[in-house]
Amino acid sequence: MEELSLKTFIFYGFALITIASAFAVVSVRNIVHAAFALMVTLFGVAGLYVFLQADFLAATQVIVYVGGILVLILFGVMMTSGRLEMRIHIQRGQLLLGGGISLALLMLLLTVIANTPKWENLTDDGLTLKPTTERIGKLILEDKFLLPFEVASVLLLVALIGAALISRKEIRD
Amino acid sequence: MTLQHYLVISAILFSLGIFAVLTRKNAISILMGIELILNSCNLNFVAFSRFVSIPVDPENIDGQIIAIFGIVLAAAEAAVFLAIILAIYREFGSIRPDEVDTLKG
Amino acid sequence: MVVPLISIILLSPLVAFAIFALSGLAKRSFPRQDLLSTAAMLIALVCSFFLLRDVVPDPEPLAVDWVSIGEITISMGFYLDSVTVIMLIVVTLVSSLVHIFSIGYMHGDPRYPRFFAYLSLFSFSMLFLVVSDNLLGIYIGWELVGLCSYLLIGFWFEKDSAANACKKAFLTTRVGDIGMFIGMMMLFKKFNTFSLYDGTQDGIFTLAAAQLTTGDMVWLSIAGILIFCGAIGKSAQVPLHTWLPDAMEGPTPVSALIHAATMVAAGVYLTARMFPILTVSSSLVIAYVGGITAIVAATIAIVRFDIKRVLAYSTVSQLGYMMLAIGAGSYVAGLFHLTTHAFFKALLFLGSGSVIHAFHAMHSHSHDEAHADDEAHEHDDHSLVHEHGSEIPPDQDMRNMGGLRRKMPITFITMLIATLSISGVPFVFSGFWSKDKILAGVLGRAMEWNSIHHYILFGIALLAACITAFYMFRLIFMTFFGEPRNQEMHNMAHESPWVMTAPLIILAVLSFPVVNHLWFNKNYVIPPEQHHLAAPQHAYVSPDTKTGDANFGFSFFGVSDAQAADEAGGKNGEKADEAYHIHKRAHDIAMALSIIVAGLGILLSWLFYHRRRFSAESVATTFRPVYNLFWHKYYFDEFYDGVLVALTVWKSRLFARFDLSVIDGIVNGVSTVTRRVFAAFIGFFDNSVVDGIVNRVAEVTWAAGGRIRRIQTGAIQTYLFVVIGGIVLIILIFRAL
Amino acid sequence: MLLSLMIFVPLLGMIVVLLLPRESEELIKRVTLLFTLIPLVLAVYLFISYVRSAETQFDVNINWIETFNIKYHVGIDGLSVTLLLLTALLGPICVLASWRNIEKGIKAYMALFLLLETGMLGFFAALDLFLFFVFFELTLLPMYFLIGVWGGPRREYAAIKFFLYTLFGSVLMLVALIAVYLKSGDPGARTFDIPTLIELASTPGHALADRNFQIWVFLGFFIGFAVKVPIFPFHTWLPDAHVEAPTAISVILAGVLLKMGTYGLVRINMDMFPEGMAYFTNGKDLMGNSLAILGFVNIVYGSFCALAQTDFKKLVAYSSIGHMGFVILGLAAGNEMGLTGAILQMFNHGVISAMLFLLVGVLYDRAHHREINGFGGLGNRMPVYTGITTLAFMASLGLPGLSGFIGEAFSLVGAFDRFPLLTILSTIGIVVGAAYFLWTLQRVFLGTLNPKYEELPEINGREILTLVPLGILVIVLGIWPDFAIDMFSESVVNLSTKISGILGPQAGL
């Protein structure tokens, strides 16, 4: 058992929040509640990014996910149900089977993680990264990720247009 | 913090995402499950990039960039997904995936 | 000068033909093919006369290497001795005259240019045959004249009879040619060359002479007889003579040129050329074939009514005569008769052509139509008179003629001269001299060798001479004397134009013994030696053929007997002297007998057909079987058509059916059996196993599909369950492993 | 290099034709003509520049499949250059003959034809046994399609029959070929090279020179080639194939493909297995006379069968069987005259039968049937056609002065030296040959004109163009055969010394 420093404590806090809210996402019956739980999860992940010294990524996570995607989801909820509170109906058998499979998967992943010696005791103690924003900008815009970046931008464009097209009312015309 | 901490968190998120995808009867809930899965993946990328590259190149942040792309992907996906959900809703009057079964054999 | 001259002689008619052929290929026709061909022939004639000077006693062949394969060299070239030159002159002369005659005779024919082109091709081939120095060259010319004969007999090919006749002519002669070819192969096997004379390498004659001392006479005899087979075919000797009378379906000038004067005589020429290798036995075969032909053809000729057929059988008979002469060792006599016969028989044919021309001019300008029309008509009138294979065209039927001598004086007189010549009327006609020489030669050989064969042959020859005189005068009497039998036709008859009568007159002049000095001058034509006669295995005393044959010329145009005897005596001493005396005596007897039989024949003919003292019909009735035999031409055609041709056709059908049913049947049978046997097995296998499996699979698939389709719920989450569950399972399994 | 160029130019042509649009038929025909004219020009050049000797010339020898020591070895000697010339000459003629009467799929037709030409040219030039076999088979496939697709009403039957027959022969040949390869040396030193094999086979003591081995291998190759020639009783594919095939293909079939059989007999059977050859031609017993007997049977049987035919094309087909008999007889003789005659007859038959089939095609294009008895009196209506037909018939029936005679005569003269009786009997074929040709001539051209054909058009310029070169060859070779004989006399002398060295002078039947 390692030493319970502040940093460790905060880390565990974030981890707990993340996992607990994620559990809430999948378990609460009200879809709006679930959406808000998801927001908490996303914040938690952003916090974890900070622990991984990925500052830019953490910011992006908050802005894009919380500010963009989550709002989108809420819009979707409103537009499809007509009301914000919508009960989530779950069959028991499906729940059991899905839970079983998910649990099995989790067990599987955990055994893999525990049994891979290469991954044991890898720490980043005492190492601090320089702020990453500038480097990410350079990598994306003039280094090896230029092409993926462009492709991603095209993808976004296509998704934008596609989404607009699909959701149009007069689709047959 | 070791790599395994992050991996465990990521694995839990992933499993919860899968659970949502498999069991929810609402398309939007499924989307949320997918978001969970994507987040767990991004977390994995960043963690691996951070810890595994230390002996080689401590300043390597390739994993982060992949994660950024992942977020972009998630955004695009969410947009399209919701558009499709809207279209389906117009067509079937429902977004319950088990009611949308025109491909039933 | 020899080579250029011969080249001109050969090339000028060839060029005339080539111009026709090439213009035909371009679908045009050369405007005056008649004049072109005639001019070419006249050039050849003039050149032939020039060649007379170039004859040397023992010439070298002028040959070039034609084909050389390793050690074997086959040369091709010319051989020019006196016989060649005489043949050249005869051929070119008769050919030129026939060309001129044809300008009149063939006028208005739709294929007029083609006729002359064919004549040119024929002349070339015949001249090539004559000048060739080797067997292969002779054979080439030999077959080419056969082709021309085929083309010209079939010139009016619209007539079925002509189409049949030309085919028959070619095929019949081909049978003989095969014999000749086998003979050539035998000689080649023995001597490895086709050359007859010594050039750069030894020729057949020299090699054969060398061989004789070691002696394989049987081989040489067989080869000689086989080569003579070619002559049997081409010169229409028994038993291959049947094509020649049918060949009269061709235009009459063709009959005169090819089937009287030149091509048919080529057989005699060939036999004479092969004279040095003719052994005693092969000579005897030749003599017998000739003799039998002479008598058989003559007897058939008696009962013919078609003027051209009479002449055709007469030709066959005379050719037999020549063969008889050569077979009996009278080389010079045979060739002499060949030349005289060429002129007077050409004359007779052209004369008959003139008569036919006079007659059919009234019918129509187109020959073929006239023939076609009258054939059907003829059939009703003369159903009894059925010439085998063809009807007699009315313009050739002597029973429609009579009394033409006033209407056609020139034709009459010239034909009469020819008839007198062929009948052997003594002294002023060439035919007498040549025929007399043959008779004397045969009798001389008989007396000299005291050989019963030659006595028999002599008897046959005499009888044939008598019959010849008889039927020839029958022809003259029926055609030109008496009252016209068909007044309508008679009224229309007229004398022919000068282009036709002029050749008649020239040939009439040639029927007098103008060329005799060539034959009686023993230095001009020298018979080749027959070495085998000197060979030890022969019992016969060898006469020196040089003196033996050449010396009994009556001192009329040629050298005197005494002069010849002196030379012979000086050279050959006692033996030759003895032979000379025998031949002298034979000659006297033969001449007397020949005059008697000729007179007898003419007298009989006069009694039968002019004075009508006896009725030919009553004689025919009395000797019905004999008459029938003659009338049906000894049933040769019936035999050939009914047996040989039928057999061949039957055999071919049999072979074809065999091919179709047996060979092909086996092939198809194998395939069928293969299919069946496999089919039985595979059918079973297929039905039960392969098809069974297929059907089971189908059923299972069908049934499974019915069940499995329920898996396809259409709900995404079900699929996801399976996918993710599957992944988990797979990983678990692999982890466990 | 020139030789390879000649072989593969038609293949290039095929590719070009395949790239052309299907609709531009005139262009396709012209291009094909061009690509068949190029080999002709090259063949003429090779023919002229060929130096008379028994050595092969213009050799190209490069590795092809090294594992089995298979080489791309081509070269020509006097025999093959003559046949190459024939093949190259018939190429453009056949294209011209197909100009108007191929109604469907001209593109595929021309492409296949060009492929066929490559196969044929390659076959005659190949000096590697494997390559030889490859080219041999390469001709089979296009031929199958050309008969089976563009043929007459029973084309499928004929094509299958042709294919199976030839394949049957090929299989035996392949077995023999492999046997030769395996015996040619120790593993690693084995070879398919024909000149090398010939040399090994005449080296005393070598496995290939073993008499028994040679006899068996000879038989294997012989049956393979006998089907092609065709030799009785393997001939029944020929009439069917000919009757069904379009004109140009009949021309190729008779003109070239049959020669592949006899060429193989000379090149492989005689040259490589003289001991085997001697066993079948020594004239001592039945086996010793067998080859000559086959030749004799071919001649007489083919001729008689031809006499009975009423289908013009079938008649010509059977006459081919008869004429190829002379080749066999000449080869069986094995002496200089016989071999010269046989080779000459190959070439001449190629030319003459090509003419005959072209002529039949001309008539068929006009009257749309080939029943001999259904014509009559055409001589008046089509004089030029009649003239050319007469020339071809006369050449085929062996009229001296035309090429057919020389080959026949030399074969017979050569064969007479060794098999007098059989040769004399074979001459029956000459008479029967004359009989069926003249009879046909009479039935088709002579007599009164059949009123049905009063309007039959005369042969046109293009058709004359296809016939004239062949006609010229017929006449030239008839008058001056040394023109061709000179090319291969050295090879012939070589072969005959080899054969007679084993046989000695004795005669057979």
Note to self: Can you report the number of residues in region D:33-60 which are without any contact (Cβ under 8 Å) to a residue 40 or more places away in the chain and not hydroxyl-bearing (Ser, Thr, Tyr)?
What the structure shows: 7
Checklist line | C:Ser161 vs. criteria surrounded by fewer than 24 Cβ atoms within 10 Å (Cβ to Cβ) and either more than 7 Å from every other protein chain (Cβ to nearest Cβ) or aromatic (Phe, Trp, Tyr) (or both) | finding: yes
Margin query: Go through (1) modelled with pLDDT of 90 or more; (2) of a type in the set (Phe, Trp, Tyr); (3) surrounded by fewer than 24 Cβ atoms within 10 Å (Cβ to Cβ) for C:Phe305 and report which single condition fails.
Written below: (1)
Margin query: Conditions first: (1) touching a helix residue (DSSP H, G or I) at 6+ places or on another chain (Cβ under 6 Å); (2) under 24 Å from C:Pro245 (Cα atoms). C:His610 passes all but one, so which condition is the exception?
Written below: (2)
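In region C:402-448, what count of residues is obtained for those that are outside any helix (DSSP H, G or I) and within 30 Å of the chain's Cα centre (by Cα)? Before you say what the answer is, go through the steps one by one.
Kept after step one, since they are outside any helix (DSSP H, G or I), are these residues of region C:402-448: C:402-403, C:408, C:424-429.
Checking the rest, the ones that are also within 30 Å of the chain's Cα centre (by Cα) come to C:424-425, C:429.
Residues in region C:402-448 being outside any helix (DSSP H, G or I) and within 30 Å of the chain's Cα centre (by Cα): 3 in total.
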Next item on the list: Return yes or no: is D:Arg155 surrounded by fewer than 16 Cβ atoms within 10 Å (Cβ to Cβ) and more than 14 Å from chain C (Cβ to nearest Cβ)?
Entry: no
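Out of C:Gly329, C:Gly334, I need the residue that is touching a residue at least 60 places away in the same chain (Cβ under 8 Å) and not in a helix (DSSP H, G or I). Which one? Please lay out each step first, then the result.
Numbers: C:Gly334 fails: not in a helix (DSSP H, G or I).
It is C:Gly329.
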Checklist line | Identity of the residue in region D:127-142, part of a helix (DSSP H, G or I) and of a type outside the set (A, V, I, L, M, F, W, C), that ends up nearest to D:Leu164 (Cα to Cα) | finding: D:Glu137
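For the condition farther than 23 Å from D:Thr56 by Cα, assigned to a helix (DSSP H, G or I), touching a Ser or Thr at 6+ places or on another chain (Cβ under 8 Å) and touching a residue at least 24 places away in the same chain (Cβ under 8 Å), what is the one hit in D:Ala179, D:Ala226, D:Ala248, D:Ala278?
When all the criteria are applied, what remains is D:Ala248.
Of all the residues that make up region C:44-73, how many are in contact with a Gly (Cβ under 7 Å, 6 or more places away or on another chain) and surrounded by 14 or more Cβ atoms within 10 Å (Cβ to Cβ)?
Residues of region C:44-73 in contact with a Gly (Cβ under 7 Å, 6 or more places away or on another chain): C:60-64.
From what is left, the residues that are surrounded by 14 or more Cβ atoms within 10 Å (Cβ to Cβ) are C:60-63.
Summing the residues that are in contact with a Gly (Cβ under 7 Å, 6 or more places away or on another chain) and surrounded by 14 or more Cβ atoms within 10 Å (Cβ to Cβ) in region C:44-73 gives 4.
Residues checked against (1) acidic (Asp, Glu); (2) touching a helix residue (DSSP H, G or I) at 6+ places or on another chain (Cβ under 8 Å); (3) touching a residue at least 60 places away in the same chain (Cβ under 8 Å); (4) surrounded by 11 or more Cβ atoms within 10 Å (Cβ to Cβ):
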| residue | (1), (2), (3), (4) |
| --- | --- |
| C:Val677 | no, no, no, no |
| C:Gly683 | no, no, no, yes |
| C:Trp702 | no, no, no, no |
| C:Ile708 | no, no, no, yes |
| C:Gln717 | no, yes, no, yes |
| C:Ile730 | no, no, no, no |
Note to self: Here's a check for you: in region C:221-239, which residue that is crowded, with 24+ Cβ neighbours inside 10 Å and among the hydrophobic types (A, V, I, L, M, F, W, C) is nearest to C:Asn164 (Cα to Cα)?
What the structure shows: C:Ala236
Checklist line | Qualifying positions in region B:53-96 - aliphatic (A, V, I, L, M) and more than 7 Å from every other protein chain (Cβ to nearest Cβ) | finding: B:Val56, B:Ile66, B:Leu73, B:Ile88
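Does region D:100-112 contain at least one residue that is touching an Asp or Glu at 6+ places or on another chain (Cβ under 8 Å), outside any helix (DSSP H, G or I) and under 24 Å from D:Phe35 (Cβ atoms)?
Here is the first cut: in region D:100-112, the residues touching an Asp or Glu at 6+ places or on another chain (Cβ under 8 Å) are D:100-101, D:106-107.
Next, from what is left, pick out any that are outside any helix (DSSP H, G or I): D:100-101.
Add one more test, that the residue is under 24 Å from D:Phe35 (Cβ atoms), and what stays is D:100-101.
Taking every residue of region D:100-112 in turn, at least one turns out to be touching an Asp or Glu at 6+ places or on another chain (Cβ under 8 Å), outside any helix (DSSP H, G or I) and under 24 Å from D:Phe35 (Cβ atoms).
Have a look at D:Gly361, D:Gly350, D:Gly341, D:Gly322 and point out the one that is assigned to a helix (DSSP H, G or I), within 24 Å of D:Pro246 (Cα to Cα) and within 14 Å of another protein chain (Cβ to nearest Cβ). Please lay out each step first, then the result.
Details: D:Gly361 fails: within 14 Å of another protein chain (Cβ to nearest Cβ); D:Gly350 fails: within 14 Å of another protein chain (Cβ to nearest Cβ); D:Gly341 fails: within 24 Å of D:Pro246 (Cα to Cα).
Unique residue meeting the criteria: D:Gly322.
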Next item on the list: For region D:445-466, enumerate the residues that are closer than 20 Å to C:Leu25 by Cα and part of a helix (DSSP H, G or I).
Entry: D:Phe445, D:Gly461, D:Arg462, D:Glu463, D:Ile464, D:Leu465, D:Thr466
Next item on the list: Collect the residues in region B:13-37 that are among the aliphatic types (A, V, I, L, M) and more than 7 Å from chain A (Cβ to nearest Cβ), keeping them in residue-number order.
Entry: B:Val21, B:Ala27, B:Ile30, B:Ile34, B:Ile37
Margin query: Given the options D:Leu465, D:Leu446, name the one that is in contact with a Cys (Cβ under 9 Å, 6 or more places away or on another chain) and at negative phi.
Written below: D:Leu446
Margin query: Every residue in region C:1-38 that is in contact with a Ser or Thr (Cβ under 6 Å, 6 or more places away or on another chain) and polar (S, T, N, Q), please.
Written below: C:Ser23, C:Ser29, C:Ser37
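Specify which of the listed residues (B:Ser40, B:Ser49, B:Ser10) is more than 7 Å from chain A (Cβ to nearest Cβ) and over 15 Å from the mean Cα position of the chain (by Cα). Full working, then the answer.
On the way: B:Ser40 fails: over 15 Å from the mean Cα position of the chain (by Cα); B:Ser10 fails: over 15 Å from the mean Cα position of the chain (by Cα).
Answer to the selection: B:Ser49.
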Notebook entry, point to check: Exactly one of (1) facing chain C (nearest Cβ under 9 Å); (2) buried (at least 24 other Cβ atoms within 10 Å of the Cβ); (3) at pLDDT below 90; (4) closer than 17 Å to D:Ile299 by Cβ is unmet by D:Pro420. Its number?
Noted result: (2)
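Given the options C:Gly199, C:Gly176, name the one that is away from every other protein chain (no Cβ under 11 Å) and not basic (Lys, Arg). Explain how you work it out, then say what you get.
Details: C:Gly176 fails: away from every other protein chain (no Cβ under 11 Å).
C:Gly199 is the lone residue from the list that is away from every other protein chain (no Cβ under 11 Å) and not basic (Lys, Arg).
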Notebook entry, point to check: Residues in region C:593-620 that are over 30 Å from C:Ala236 (Cα atoms) and part of a helix (DSSP H, G or I): how many?
Noted result: 3
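What are the residues in region A:105-136 that are surrounded by fewer than 17 Cβ atoms within 10 Å (Cβ to Cβ) and under 14 Å from B:Asn60 (Cα atoms), if any? Can you show your working first?
As a first pass, look at region A:105-136 and keep what is surrounded by fewer than 17 Cβ atoms within 10 Å (Cβ to Cβ): A:107, A:110-112, A:114-118, A:120-121, A:123, A:125-128, A:130-131, A:133-134.
Correct list: A:Leu127, A:Thr128, A:Lys130, A:Pro131, A:Thr133, A:Glu134.
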Notebook entry, point to check: Are any of the residues in region A:24-47 part of a loop (DSSP other than H, G, I, E, B), facing chain B (nearest Cβ under 9 Å) and touching a helix residue (DSSP H, G or I) at 6+ places or on another chain (Cβ under 7 Å)?
Noted result: no
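The values are calculated or read from the model by the stated rules, or taken from the named source; none is laboratory data. Since the model is a prediction, treat every value here as computed from it, not as a measurement. So basically every Cβ, Gly included, is an ideal-geometry build from the backbone, and we count neighbours across all protein chains shown.
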